[in-house]
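Trainee: The structure is given below, and queries will be raised subsequently.
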Amino acid sequence: MRMKDLALDHHQLFTLKLETLENRITWFYQLTQNSTKTIHYILALRVRHQLGAKEFAHVLKDLVRYIFLNTKATRTMKRFFYYFQDYFMAPEWRALRMKMFPARDYVEKAKTVVRSLISLVRPEETNEP
């Protein structure tokens, strides 16, 4: 089967029924292992949910969780990471954030350590002149 036959266009993403889209996107990912395109498709379905299609809330949650938890972080995953926060529990979210942005978390931890050390040696501020 050709890649073009597997791909979904914008018309299909916004007109097909939920069950059909879930089957096609899952099938697409299983055949191609293309997490970038799969994330784009699921994000389009999240937009459809925001436009009023309430049945699209948490669409393909298991697939999203699998992609983010078990595959290497791609640029697309990092770019759209925050749109899927409600798919994960708080401890998973923290672990994923460290996986997606390890340098950023290292800087944040370093800042908090430095601030705590500075607060130990810095005199307390008072309002007296």
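Trainee: Kindly indicate the residue of region 39-66 that is within 16 Å of THR76 (Cβ to Cβ) and touching a Leu at 6+ places or on another chain (Cβ under 7 Å) and also surrounded by the most Cβ atoms within 10 Å (Cβ to Cβ) among those meeting that condition. Step through it out loud before you land on a result.
Mentor: At the first step, the residues of region 39-66 found to be within 16 Å of THR76 (Cβ to Cβ) are 39-47, 60, 63-64, 66.
Filter once more, keeping what is touching a Leu at 6+ places or on another chain (Cβ under 7 Å): 41-42, 44-45.
Numbers: TYR41: 23, ILE42: 25, ALA44: 19, LEU45: 21.
Filtering region 39-66 for residues that are within 16 Å of THR76 (Cβ to Cβ) and touching a Leu at 6+ places or on another chain (Cβ under 7 Å), the one surrounded by the most Cβ atoms within 10 Å (Cβ to Cβ) comes out as ILE42.
Trainee: Being among the hydroxyl-bearing types (Ser, Thr, Tyr) and in a helix (DSSP H, G or I) is the filter; apply it to region 72-112 and report the residue that is nearest to THR38 (Cα to Cα). Show your work before the answer.
Mentor: Going residue by residue through region 72-112, those that are among the hydroxyl-bearing types (Ser, Thr, Tyr) are 74, 76, 82-83, 87, 106, 112.
After this cut, where a residue has to be in a helix (DSSP H, G or I) as well, the list is 76, 82-83, 87, 106, 112.
Numbers: THR76: 10, TYR82: 16, TYR83: 14, TYR87: 16, TYR106: 30, THR112: 37 Å.
Only one residue tops the list, namely THR76.
Trainee: Any residue at all in region 64-76 that is touching a Lys or Arg at 6+ places or on another chain (Cβ under 8 Å) and at pLDDT below 85?
Mentor: no
Trainee: Quick test for you: out of ARG94, ARG115, ARG122, pick the one residue that is over 19 Å from THR74 (Cβ atoms) and modelled with pLDDT under 80. Step through it out loud before you land on a result.
Mentor: Numbers: ARG94 fails: modelled with pLDDT under 80; ARG115 fails: modelled with pLDDT under 80.
Just a single option satisfies the conditions, and that option is ARG122.
The values are calculated or read from the model by the stated rules, or taken from the named source; none is laboratory data. Being a predicted model, the structure only gives us computed values, none of them experimental. Ideal geometry is used to build each Cβ from the backbone, glycine not excepted, and the neighbour counts take in all protein chains shown.
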